[in-house]
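Down below is the structure, laid out as structure tokens.
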Amino acid sequence: MRKNIARKCLCIALASAMMLGEAGTAMAASVENAADGRTAATVAAEEQADVAAANVSIWYAGAYKNSRTITINASGRAYRVEVWVNGVKCGEQYNGEDQQSFSINCEIPALLDSTYNAEVRAYDSNGEVTVQKVSPVKTDKVSFDGDPSVSVGYTVGSTGYAKPGYVSVSVYLDSRHSDEVKYEVQRATKSGGPFTTIATGSESYTSRLAYLDSTAKTGTTYYYRFRIVSGSDQYVKTSKVIATSKTASVKVGIPEVDQLYASSMNVSEKIGKPGVFLWMTSNFANQYDVYRSTNKSKGYRKIKTIYSADFTDTAVKSGTVYYYKVVPKYYDSQTRKITTGKTSGVVGVKFIMNAAGAPSLIQTGNRSLKCTWAADNTADVSYEVWAKRTDITGDAYKRMVVTKKNSCTLTKLDPNGTYKVMIRTVKKSGAAVRYETTDTSERTMGY
């Protein structure tokens with residue numbers, strides 16, 4: 001119906017145009033536009049937009065993550081150009097005239113687990129704008145690898161005794177991240193919370209987060225955890241929690257043994273005898289009660305109270321398996337109070353007498369040398385002392401002494417000779433005989 005009416009109107013307008021000339025033509029154009037549903041204002045706007053499109057063009061617009069930043073690039077032609085990210089303008093460039101080429105680059109900090117929506121707005125001199133959106137950029141997430149570890153550190157005062165000084169807590173991330181990892185350290189006095197944030201921080205190019213809590217009170221049990229947060233800025237308005245670690249607890253002021261180790265050793269550097277060497281790591285214990293048994297589950301007997309973190313048990317027999325555990329203690333020199341900690345786990349080791357070590361040679365006279373070596377003095381072991389001169393070409397080793405002790409004196413030596421000495425361990429087990437030869441030692445007489 002409307003089309004028929006429009007046609008009739010158009011015919012009338014054309015007829016009028018023939019009679020009225022140019023005025024009629026203008027009236028006919030207006031009627032034709034009206035027939036298309038467009039007004040004269042609409043036509044003018046479209047014509048202006050065509051002009052703007054000719055003055056403005058965006059050749060390229062893109063965004064990407066580069067290390068710890070988001071970069072937005074764009075190029076094209078425009079009087080003025082703007083870059084917007086998440087509704088916030090981050091860059092602007094004036095070119096001074098229409099169809100002027102532009103190249104713009106913007107960098108903003110990248111926050112973890114965030115989305116960045118960018119767009120480029122190109123304007124002509126009349127203020128008409130062409131907008132091109134950029135594909136969203138999403139940043140990485142971060143998670144934890146394993147549970148946090150926690151231990152009590154200590155300080156040593158003027159008395160020489162240690163006392164609790166801080167709590168060390170740390171946790172590993174799923175990988176090494178170049179991004180800035182923002183985190184919170186939270187603490188509670190109950191396993192279920194409530195947790196309070198006691199510290200915040202950020203790390204880059206790291207796979208581990210760590211914190212020292214110097215406000216912990218002696219005698220209190222604390223529960224710690226880490227939270228990774230995205231953070232916020234002008235482009236990301238709200239910070240969110242990305243990951244929360246599990247909790248780790250520690251009681252401050254109670255000595256504990258973190259690790260207990262034991263090994264069979266032939267010679268103790270401290271006492272020159274073979275035995276089982278124990279050493280341990282602890283938070284701040286300053287003495288230990290050492291217990292030993294030949295049965296893993298029972299029969300433990302206290303054999304020594306030690307005041308350092310290592311000990312050699314020489315009262316052992318070759319071929320026997322021994323089990324050890326220690327009770328850590330803390331002595332407070334000011335209160336003279338001893339706090340007993342938790343008994344360590346059990347470690348077991350089989351003590352085996354190895355060959356004697358290289359002998360120690362000491363000149364005791366013009367023609368004599370005293371030789372000393374490690375020994376376990378068991379009934380089935382004896383030692384042969386062999387020596388030769390190295391200042392004479394082709395001299396061979398000669399057996400000088402046979403003994404069950406761990407020392408002897410070689411006599412009737414040349415006062416100017418150079419002697420190389422070795423110890424041969426002889427172990428008899430029934431009809432079988434086993435020989436083991438030590439490293440050698442050398443000594444020149446007269447020096």
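For this structure, a couple of remarks:
- The residue pairs whose first member lies in segment 178-205 and is outside the structural domain of Ile70 (by TED's automatic domain parsing) and farther than 23 Å from Lys251 by Cβ, whose second member is small (Gly, Ala, Ser) and part of a loop (DSSP other than H, G, I, E, B), and whose beta carbons are closer than 6 Å, counting only pairs six or more residues apart or on different chains, are Ser178/Ser67; Glu180/Ser204; Lys182/Gly231; Tyr205/Ser178.
- Matching residues in segment 77-125 - criterion: being more than 21 Å from Thr139 (Cβ to Cβ) and among the hydrophobic types (A, V, I, L, M, F, W, C): Ala78, Val81, Phe102, Ile104, Ala122
- Of all positions in segment 215-226, at least one carries a residue that is free of Cβ contacts under 8 Å to residues at least 40 places away in the same chain, surrounded by 13 or more Cβ atoms within 10 Å (Cβ to Cβ) and not small (Gly, Ala, Ser).
- No other residue among Val276, Val252 is crowded, with 18+ Cβ neighbours inside 10 Å and within 17 Å of Lys329 (Cα to Cα) apart from Val252.
- Meets criteria (at pLDDT below 90 and surrounded by fewer than 18 Cβ atoms within 10 Å (Cβ to Cβ)) for Asp439: yes
Yes/no matrix, rows are residues, columns are (1) modelled with pLDDT of 95 or more; (2) touching a Leu at 6+ places or on another chain (Cβ under 9 Å):
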position	(1), (2)
Gly253	no, no
Val267	no, no
Ile271	no, no
Leu278	no, yes
Arg301	yes, no
Lys317	no, no
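- Residues located in segment 178-199, provided they are assigned to a strand (DSSP E or B) and loosely packed, with under 13 Cβ neighbours inside 10 Å: Thr196, Thr197
- Candidates Ser232, Ser245 - the one that is in contact (Cβ under 8 Å) with a residue 40 or more places away in the chain, within 27 Å of Gly341 (Cβ to Cβ) and not assigned by TED's automatic domain parsing to the domain that holds Thr320: Ser245
The values are calculated or read from the model by the stated rules, or taken from the named source; none is laboratory data. Bear in mind the structure is a predicted one, so any value in this text is a computation, not a measurement. Cβ sites come from the backbone with ideal geometry, for glycine too, and all protein chains shown count toward neighbours.
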